[in-house]
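One structure is given here, and the rest of the page talks about it.
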Amino acid sequence: MIAKFLRLFKSCIVLFTLCLVTSGCINYDVGIQFDSPNRGAIVQRIQLDDRLMTFTSGTAQTWLANINQRVRRLQGKTRKLSNQTVLATIPFSNGQDLEKKFNQYFSVELAAKIRNKKPLELPKIDSKLQVKQANFLLFERTRLIYDVDLRSLGVSAPDGNVLVNPNSLLELQFSLDAPWGARSLTRTKNGAIIPARRNGKQLIWTLQPGQQNHIETAFWMPSPLGIGTAIVLAIVAVGIYFKNQQLPPAAKPAV
C-alpha cells in the first residue's frame, strides 16, 4: 500500500513539474474534412513546443516517425511545416472508408506493427469513430459518433477521481469541416447541449485529458448520385416533350 502511494505521489510530482516547465507543450489537432459524400480527408496537426524538443528530442522524433509510418500505411502523407510542426493527411472515399481508416490509424494494433529502434511506451487510448450515412434522393445525411477515452492521460486516485488533469500540458482538439456546416448533437445526462466552438463551417471540440469524451454531430451534403440521376431524368423528359411537339397531330400519341 505504501509503495503504491509512493508511486502515485512520484507520478504527481513529475506531472506537476512538466506542467510548470513545459506548459502547453503539445498541440494535437485531429480533423475530418468532407468535400463531398465520396471525398474527404483525415487531417492531423501536431505542434511540439521548443522546450519539449530540447529536453526529449529523441522520444519526440521517434513518436513523429511512428506517426509518419502509420500515415503511409493508410495511403496518406505527412508534411513537415517546421521543426516542431507536422501535418498528416489521410484521404478517404466515403463514410465507410473514413470509419475504417480513422479507427485503424488510432488503433493499438497498427501502432504495434510499426517497428522502431526505440519502442515507445505510450498510454493506452481507446478511440472509436462511427459513421452513419443515409441517402434522401438529392441529399445525404451523415452522422458521426466519436468516443475517445483519455483517462490514461491523467493521474487518478484509487477511487477513480482524477488527481492531476494535464490540461495545461496538452491541448487536444477534434474538428469537422462540411460543405454546408454541421451541428453538434452531443448532450449531457441532463439533456443540455455540450457546446462546440464554431469557426465558419467548421465545428471544433476541445477534448479533455483524464476523462471519457463523447461527440455526436450531423450534417447534410448534396448527393452526386441523386443529382446526377435527377439531371438524366430531366433531360430524358425534355427530350420526349420536344419530340412530341415536333410530331404531326395525327402521329401524336392519343391521351
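Work through the residues other than LEU225 whose Cβ is under 15 Å from its Cβ and net out their charges, Lys, Arg +1 and Asp, Glu -1.
+1
Would you kindly derive the ³J(HN,Hα) couplings of the range 72-77 from the backbone phi angles with the Karplus curve 6.51 cos²θ - 1.76 cosθ + 1.60 (θ = phi - 60°), listing them in order in whole Hz, with x for Gly and Pro?
5, 5, 9, 6, x, 8
Long-range amide H contacts for ARG183: which residues qualify at under 5 Å (H placed 1.01 Å from N, peptide plane, sequence gap of 5 or more or a different chain)?
ALA218
Tell me the net charge near SER127. Cut-off is 9 Å between Cβ atoms, SER127 excluded, with +1 for each Lys or Arg and -1 for each Asp or Glu.
The answer is -2.
Read-outs throughout are calculated quantities, based only on the coordinates presented, and are distinct from any laboratory measurement. Predicted model only: the values in this text are computed from it and were never measured. Positions of Cβ are generated from backbone atoms using ideal geometry, with glycine treated the same way; all protein chains shown enter the neighbour counts.
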